[in-house]
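A.B. asks: Take a look at the following structure, please.
The values are calculated or read from the model by the stated rules, or taken from the named source; none is laboratory data. Keep in mind the model is a prediction, meaning the values are calculated, not measured. Cβ sites come from the backbone with ideal geometry, for glycine too, and all protein chains shown count toward neighbours.
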Amino acid sequence: METVLLDCNGRRRSPATVPGYHAGRSPRNKGLRYPADPPTVEEIVRVMRAAGEGPVADRLRGMIVVLWRSGLRVSEALALSESDLDPGRGAILVRRGKGGKRREVGMDAWGWQQLEPWLQIREQLRVGALFCIINGPNQGRPWTQDAVRFQLRRTAVEAAVRRRFAPHQLRHAHAVEMAREGVPIVVIQRQLGHANLGITSIYLQGIDNAEIIDTVHHRTAPVIPAAAGLQRFG
């Protein structure tokens, strides 16, 4: 006889939510490596616009700007609380990053402006994680990574963005854009919380061939001594 699992509200619960259900099973994406293919500014803004209106949309836009404009990992963004934000300094405190390391990162003024609508809504909800569940008995509890990824994918499709649109792609976009703006690679490394520059350099592979070709194409002509220009050839 099949055992039916119920949650605290008496609703049917999926066996996949039981701890240990996935034990011994390899993830579907195990061994797969995705290229550094960050979305463009235009594509990211299109997704933000396609999110629509209301608390759910403001939460998604807030998550996008935190991932994109401060370069956080999705796990770091979901672990944030309201007290970790310092808009006056433009700083976000990551209490426990990869490897348990603590760091502060910066976010630009435009990013803070886009986050503000969600912050106003968040003040009306139960105390808890910055990016939290909005409705129901779990209000205030942390939003999940799976839910973030699903909503990003779905909204990207609605925005007609025809490329992979995942949290880590926004982190890549942050790194690439800072490199294009001339930010030193050591600053990018510390912003992203990388242990070494080798990892940061992988993120910067998102600078496409067109930019490389354009940069090299517009190099100045080689400089030669004036006297050499007066010599006759042949």
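A.B. asks: Please determine, by comparing only the residues of region 97-127 that are assigned to a loop (DSSP other than H, G, I, E, B) and among the charged types (D, E, K, R), which one is modelled with the lowest pLDDT.
C.D. replies: LYS101
A.B. asks: If you don't mind, there's one more thing I want to ask. Hey, does region 81-96 have a residue that's outside any loop (DSSP other than H, G, I, E, B), surrounded by 21 or more Cβ atoms within 10 Å (Cβ to Cβ), at pLDDT 95 or above and at negative phi?
C.D. replies: Within region 81-96 (the criterion being outside any loop (DSSP other than H, G, I, E, B), surrounded by 21 or more Cβ atoms within 10 Å (Cβ to Cβ), at pLDDT 95 or above and at negative phi), the answer is no, since none of the residues qualifies.
A.B. asks: Let me ask something additional. May I ask you to list the residues in region 151-165 that are surrounded by fewer than 17 Cβ atoms within 10 Å (Cβ to Cβ) and either among the hydrophobic types (A, V, I, L, M, F, W, C) or in contact with a helix residue (DSSP H, G or I) (Cβ under 6 Å, 6 or more places away or on another chain) (or both)?
C.D. replies: Once the filter is applied, which keeps residues that are surrounded by fewer than 17 Cβ atoms within 10 Å (Cβ to Cβ) and either among the hydrophobic types (A, V, I, L, M, F, W, C) or in contact with a helix residue (DSSP H, G or I) (Cβ under 6 Å, 6 or more places away or on another chain) (or both), region 151-165 yields VAL157, GLU158, ALA160.
A.B. asks: For VAL148, are the conditions met, namely being within 16 Å of ALA57 (Cα to Cα), under 14 Å from the mean Cα position of the chain (by Cα), surrounded by 18 or more Cβ atoms within 10 Å (Cβ to Cβ) and among the hydrophobic types (A, V, I, L, M, F, W, C)?
C.D. replies: When the stated conditions are applied, VAL148 passes them.
A.B. asks: When region 130-148 is examined, which residues are found to be outside any strand (DSSP E or B) and either among the hydrophobic types (A, V, I, L, M, F, W, C) or under 17 Å from ARG49 (Cα atoms) (or both)?
C.D. replies: Selection gives LEU130, PHE131, ILE133, ILE134, TRP143, ALA147, VAL148.
A.B. asks: Which one of these does GLY182 not meet: (1) loosely packed, with under 10 Cβ neighbours inside 10 Å; (2) modelled with pLDDT of 70 or more; (3) over 21 Å from GLY90 (Cα atoms)?
C.D. replies: In the conditions (1) loosely packed, with under 10 Cβ neighbours inside 10 Å; (2) modelled with pLDDT of 70 or more; (3) over 21 Å from GLY90 (Cα atoms), GLY182 misses (3) alone.
A.B. asks: Still on this structure: If I filter region 63-71 for residues that are small (Gly, Ala, Ser), under 23 Å from ARG149 (Cα atoms), modelled with pLDDT of 95 or more and assigned to a helix (DSSP H, G or I), do I get at least one hit?
C.D. replies: If we filter region 63-71 for residues that are small (Gly, Ala, Ser), which is where we start, we get 70-71.
With the extra rule that they be under 23 Å from ARG149 (Cα atoms), the set shrinks to 70-71.
If we keep only those that are modelled with pLDDT of 95 or more too, we end up with none.
No, the conditions are met nowhere in region 63-71.
A.B. asks: Can you pull out every residue in region 66-75 that is surrounded by 23 or more Cβ atoms within 10 Å (Cβ to Cβ) and touching a Leu at 6+ places or on another chain (Cβ under 9 Å)?
C.D. replies: Across region 66-75, the qualifying residues are VAL66, LEU67, TRP68, ARG69, GLY71, LEU72.
A.B. asks: Suppose we filter region 78-105 for residues that are touching a Lys or Arg at 6+ places or on another chain (Cβ under 8 Å) and of a type outside the set (Val, Ile, Thr); how many remain?
C.D. replies: Here the count works out to 10.
A.B. asks: May I pose another question? Taking region 97-123 as the region of interest, how many residues are closer than 15 Å to LEU60 by Cβ and surrounded by 18 or more Cβ atoms within 10 Å (Cβ to Cβ)?
C.D. replies: The qualifying residues number 5.
A.B. asks: Please identify the pairs in which a residue from region 116-142 that is aromatic (Phe, Trp, Tyr) has its Cβ atom under 6 Å from the Cβ atom of a residue that is assigned to a loop (DSSP other than H, G, I, E, B) and surrounded by 13 or more Cβ atoms within 10 Å (Cβ to Cβ), counting only partners at least 6 apart or on another chain.
C.D. replies: These pairs meet every condition: PHE131/TRP143.
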